[in-house]
Structures are given as structure tokens and as C-alpha cells.
1. Mind counting the residues in the range 199-224 that are surrounded by fewer than 20 Cβ atoms within 10 Å (Cβ to Cβ) and in contact (Cβ under 8 Å) with a residue 60 or more places away in the chain?
2. Can you find a residue in the range 138-146 that is of a type outside the set (Gly, Ala, Ser) and buried (at least 21 other Cβ atoms within 10 Å of the Cβ)?
3. Restricting to the range 162-198, what's the tally of residues that are crowded, with 18+ Cβ neighbours inside 10 Å and either in contact with a strand residue (DSSP E or B) (Cβ under 8 Å, 6 or more places away or on another chain) or not assigned by TED's automatic domain parsing to the domain that holds residue 66 (or both)?
4. Looking for something open to solvent by 50 Å² or more (accessible area, probe 1.4 Å) and farther than 30 Å from residue 41 by Cβ - is there at least one such residue anywhere in the range 237-247?
5. Here is a list of conditions, (1) touching a residue at least 40 places away in the same chain (Cβ under 8 Å); (2) at negative phi, and residue 172 meets all of them except one; can you say which number that is?
6. Out of the range 134-165, which residues are assigned to a strand (DSSP E or B) and either more than 15 Å from the chain's Cα centre (by Cα) or of a type in the set (Ser, Thr, Tyr) (or both)?
7. From the set of residues in the range 118-128 that are surrounded by 14 or more Cβ atoms within 10 Å (Cβ to Cβ) and out of contact with any strand residue (DSSP E or B) (no Cβ under 7 Å at 6 or more places or on another chain), which is modelled with the lowest pLDDT?
Amino acid sequence: MATLPSKPIADDVSLLVVLIDTNPFFWSTSSSSLNFHQFVSHVLVFLDLIVRLSQLNQIVVIATGHNTCDYIYDSSLDTDQVTGEGELPALYSFVLQRLEEFVNKDEKLGAKQDGLSEKRVSSLLSGSLSMALCYIQRVFRSGPLHPQPRILCLQGSPDGSEQYVSIMNAIFSAQRSMVPIDCCYVGSHNSAFLQQASYITGGVYVKPQHLEGLYQYLATVFAVDLHSRSFLQLPRPAGVDFRASCFCHKTTIDMGYVCSVCLSIFCKHHDKCSTCGSVFGKAQLDAASDRKRKASES
């Protein structure tokens, strides 16, 4: 991991990497009053707000699909973001076009997998988080001056337990690089992964109660730069689910077995670690039950 540069360009200049959930399985089955088109409309107005707050602000948009993820927009490569007065910003039409192309590509990739992807309803959050961190590291390596980076996850799909290891690796990488991960979750239930991400990295987790006012949540909570956050009373998490997922069945567990060598987690006792190959001894609980059984028999 690259070391952090000396200082940012300014305290109030931000590099905002936005991860947009485009998972068709979520948006087609969502029972909320917010559909995908309305969701994108709120997000586009929010992105335009970030650009207008400071001409030095940078935004990067990454689409998180069901089968893939990709860069959608990078303001550092766009020198003509706004058209004439009173006209729709060029940012809107460009992002909408790229999102449409991405959704079509993601759908074609899902069709090639012969229905295997239908068993998984989560989006590829681990991939988009990794892409966001790679982009930020590239900015860090570009020079001693850089804007303050942060990641905003606009997520609605449920957590995918099969991505637990890769998502936690991305979270700890962001923590080491001092990159906050914010989250605005629009799904029906809270996301344990994103709750942990925001808590560990010092970000903000918000689950809007009124989705029709999504832009108000984005503008009042996530448009603020990192320096100004210390002067505001931002939402605090009511409770964070720190439960882990086992490496063998990818399910969330309350108690389990941990490999002392690589810290892999298993829901049941195994003779050998499937991650590092270490050989385990007999579980203490099993040994204790054997002693109690022998004592009762005698």
C-alpha cells in the first residue's frame, strides 16, 4: 500500500468516488416508492451540486452491477461539464448514456452465465470498492498535492456473504489509507457490510426513511467536505452488526471457529484450514463433551 502524500490541496476540496447500485434484481423487485429512474435523477442532481460547490472538487462515478462494475464518469477528464445558461448540464446526458450502456453490458454478461448468476441477488460491491481504492491510490501517487478522497456507496441490494472476505479487505485498505466510506442505503433492511465499513473507516451510514426526499439526504449529509464535518452534528449509527460470515458456507454466524494462523472463520470444526492448510487439533468443546460423557458412563 502506498504511503499517503504530505497534504491535500485544501481542506475543503474533495475527491468523491460514488458507487451506484444498478443491480436489476433489486430494482425490479423493490417494494419502495423509489424506482431506478427516480434514484438516478436524485443522484445526478447531487453530483452537479458537488461540482458547483467548488471548481476544484472532483467526482468519479462507478456503476455496481450484478455481474460486473465499471467506471462511468471522471470529472478530471471532462473539461466541459456545463453547457450554456439555463440548459441541462452535459454531466447529466453523459452519465445517463454511460449508465444505459453499462446496464446493457451487465445484462449480456448475466445471460452468458446460463442462469448461474440468478442464484446470487447481491451486487458486485467488492469489485466497485476495489476499483474506487485503486483510483484513489493512483491519485495519491500522482503528486504531493491532492484533494481529500472519500467513497460514497449508494446501495440497495442485500449483502452477499460470498463477498465477505474481499469486502472486509477493501474496508481495511480504506482504513489504512484514511479514506472514509460513506453509505446511503435504500434497501428494505440494513446492510451489515456497509455499517461496518462506515464504522471502521470513520464514515457516515444513513438509511433514509423517506426515499422520495433522497436528494435532501444526499445534500445535507454527504455534500459536506471532511473538514466541515467536525462542525456538524451528523447522523450516528444506532447499532452496527459486527457478525462475520464463515469461509466454508458463506453464511452469517454468531459463534464459530477461527484459524489461529490466518484468522479464517468457520461455522463448524474442521480438521484442516481450507485457506492456509494448517492442521487443527480436536475442538475443546468436543473434548469437554467427551469427558462429561465418559464421567456419566462411569
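The values are calculated or read from the model by the stated rules, or taken from the named source; none is laboratory data. If you're wondering where the values come from, they're calculated on a predicted model, not measured in any experiment. Positions of Cβ are backbone-derived with ideal geometry, glycine not excepted, and every protein chain shown enters the neighbour counts. Note: areas computed on protein heavy atoms with side chains; ligands, DNA, RNA excluded. Shrake-Rupley method; radii C 1.70, N 1.55, O 1.52, S 1.80 Å.
1. Of the residues in that region, 5 qualify.
2. No.
3. So the count comes out to 17.
4. Yes.
5. (1)
6. 145, 146, 148
7. Among residues in the range 118-128 that are surrounded by 14 or more Cβ atoms within 10 Å (Cβ to Cβ) and out of contact with any strand residue (DSSP E or B) (no Cβ under 7 Å at 6 or more places or on another chain), the one modelled with the lowest pLDDT is 120.
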